[in-house]
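Novice: I'd like to ask you about the structure that follows.
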């Protein structure tokens, strides 16, 4: 039986995953008409404006010096690294292929959470998480995005996975001190000067000239993928246990390929249902695994 507080963390984490699951297909739509550098940096600028307004309106206290350093790690992973790397990768890789590689993100996050957060998951967790990662990769590959020979896009996507895993693990810890939405907001504000500069550079090199649909996709990436989605995700990680909440992301490739079918017209067959059930079953086993040693009660993020 999952404790009530842990269930809250899982539900918040799932809400964040649903928000993130649109990111790959919508990025694929946006890069069809907008420069990848503009998308990767501009979405962060949009989110940083919203974050600055939210912080100012609620008069949040400034982070300490140490917290700023940790926020830089968060920002480097989820504000700079992941958006830029995926934007460039998806100029050539289809959304289904992006889902294949990004499917290993929960396992990467779990490893970094264990190393950084000193959590002690039982053996069944590692078995379920490993099976879930393999199932997610097999499921996504069956939809036409097989890894095959390693290409430049694969290297960019693997880099994006590592960047996001670092940002998730550190962000979940910082969120226990600053609060969930405050963590992502300060990370966005801290990275704003760099991202504004990159956005201006991208706009000068190639004037953004997208269709209304492409601009709408860009708007979602900035408002939801880069801002509102992290409210729920970091809240779930802060409530924890982080290593279990991180595995909720195993359902993301299932959702992502579903949205790719609806939005991009990619083929979906019976394997979607079967593969999705297997991935969700593994995720459920992982999140229900008990810790080997009790943790201090988590601080409810503001």
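Novice: Is the stretch 62-73 home to any residue that is within 30 Å of residue 204 (Cα to Cα), buried (at least 18 other Cβ atoms within 10 Å of the Cβ) and within 13 Å of the chain's Cα centre (by Cα)?
Specialist: No, because not a single residue in the stretch 62-73 is within 30 Å of residue 204 (Cα to Cα), buried (at least 18 other Cβ atoms within 10 Å of the Cβ) and within 13 Å of the chain's Cα centre (by Cα).
Novice: Which number in (1) closer than 19 Å to residue 24 by Cα; (2) buried (at least 24 other Cβ atoms within 10 Å of the Cβ); (3) modelled with pLDDT of 85 or more marks the one condition that residue 236 misses?
Specialist: All conditions are met except number (1).
Novice: Condition (residue is assigned to a loop (DSSP other than H, G, I, E, B), over 19 Å from the mean Cα position of the chain (by Cα), modelled with pLDDT under 80 and under 20 Å from residue 98 (Cβ atoms)) applied to the stretch 208-221: is it met by at least one residue?
Specialist: No, the stretch 208-221 contains no residue that is assigned to a loop (DSSP other than H, G, I, E, B), over 19 Å from the mean Cα position of the chain (by Cα), modelled with pLDDT under 80 and under 20 Å from residue 98 (Cβ atoms).
Novice: Also, I was wondering about something else. Suppose we filter the stretch 203-224 for residues that are surrounded by fewer than 19 Cβ atoms within 10 Å (Cβ to Cβ) and either within 11 Å of residue 26 (Cα to Cα) or in contact with a strand residue (DSSP E or B) (Cβ under 8 Å, 6 or more places away or on another chain) (or both); how many remain?
Specialist: Qualifying residue count, the stretch 203-224: 4.
Novice: Oh, and also: Given 134, 101, which one is within 18 Å of the chain's Cα centre (by Cα) and buried (at least 16 other Cβ atoms within 10 Å of the Cβ)?
Specialist: Of 134, 101, the one residue that is within 18 Å of the chain's Cα centre (by Cα) and buried (at least 16 other Cβ atoms within 10 Å of the Cβ) is 101.
Novice: Something else: Could you please let me know if residue 32 is over 19 Å from the mean Cα position of the chain (by Cα) and under 25 Å from residue 264 (Cβ atoms)?
Specialist: Considered against the rule, which asks whether it is over 19 Å from the mean Cα position of the chain (by Cα) and under 25 Å from residue 264 (Cβ atoms), residue 32 comes out as yes.
Novice: When the residues of the stretch 164-181 are narrowed to those that are more than 17 Å from the chain's Cα centre (by Cα) and assigned to a helix (DSSP H, G or I), which ends up surrounded by the fewest Cβ atoms within 10 Å (Cβ to Cβ)? Quick ask: steps written out before the conclusion?
Specialist: Quick first cut of the stretch 164-181, residues more than 17 Å from the chain's Cα centre (by Cα) only: 176-179.
This time we only want the ones that are assigned to a helix (DSSP H, G or I), so: 176-178.
Working: 176: 20, 177: 16, 178: 25.
Selected residue: 177.
Novice: While we're looking at this one, here's another question. Report whether or not residue 201 is at pLDDT 85 or above and part of a helix (DSSP H, G or I).
Specialist: Answer is yes for this residue.
The values are calculated or read from the model by the stated rules, or taken from the named source; none is laboratory data. Being a predicted model, the structure only gives us computed values, none of them experimental. Counting neighbours? That spans all protein chains shown, and the Cβs are built from the backbone with ideal geometry, glycine included.
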